[in-house]
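Read-outs: derived from the displayed coordinates by stated rules, not from any lab. On a predicted model such as this, the values are computed, not experimentally measured, just so you know. Cβ placement follows ideal geometry from the backbone for every residue including glycine, while neighbour counts extend to all protein chains displayed.
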Amino acid sequence: MNDWTEITVYMILTICIITIACVSLILLRSARRNGKSVLRYVGFLGADTGLFILMLYFFSTHPISYKFNNNYVYSHDIKTVIERYGDFDTGHISESGSGVIGYYIYTDDGPIMPDHMKHYYWIKFDANGTVTDIYDAVQKGG
């Protein structure tokens, strides 16, 4: 899934959640005005709020790609990260134990100014195996 598809899915989810919240609020207000039970609408509103919170949490922990949890990567050493996400696609580990590895995430074939290059989820780590940086970039040299 490329970056454009991911953004589109996030936007659709956000619009759906906001629409459900607005409809629930309108129905809740209408039910209160007519003296009907509001529990069902409060339940919809509560479920919608829960979905919104889960969506925000997911977006904050997966800002680069839906496949990789940045909080997990930062809180574990590189060996644990490799065990969880599998063998890396590119990169190197030096003799001292430091290095940078990359996992393929997408090829930019988007509709507006695509670069048609493979983008990687790069993880930089020190000699102790502690992750020091995470970023999205293309492979060096294009």
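Could you tell me which of the residues Val131, Val100, Val81, Val73 is under 14 Å from the mean Cα position of the chain (by Cα) and hydrophobic (A, V, I, L, M, F, W, C)? Can you show your working first?
On the way: Val131 fails: under 14 Å from the mean Cα position of the chain (by Cα); Val100 fails: under 14 Å from the mean Cα position of the chain (by Cα); Val81 fails: under 14 Å from the mean Cα position of the chain (by Cα).
Result of the check over Val131, Val100, Val81, Val73: Val73.
How about region 1-101: which helices (runs of 4 or more DSSP H) wholly inside it have at least 3 residues that are of a type outside the set (D, E, K, R) and under 30 Å from Gly129 (Cβ atoms)? Quick ask: steps written out before the conclusion?
Details: elements: 3-34, 39-61, 70-75, 78-85.
Per the criteria, 39-61, 70-75, 78-85.
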field: Matching residues in region 95-111 - criterion: being touching a helix residue (DSSP H, G or I) at 6+ places or on another chain (Cβ under 8 Å) and among the aliphatic types (A, V, I, L, M)
entry: Ile101
query: Among (1) touching a strand residue (DSSP E or B) at 6+ places or on another chain (Cβ under 6 Å); (2) more than 19 Å from His119 (Cβ to Cβ), where does Ile64 come up short?
result: (2)
field: Pair list, Cβ < 7 Å and 6+ apart or interchain, from region 111-123 residues that are within 28 Å of Tyr72 (Cβ to Cβ) to residues that are surrounded by fewer than 10 Cβ atoms within 10 Å (Cβ to Cβ)
entry: Met117/Gly142
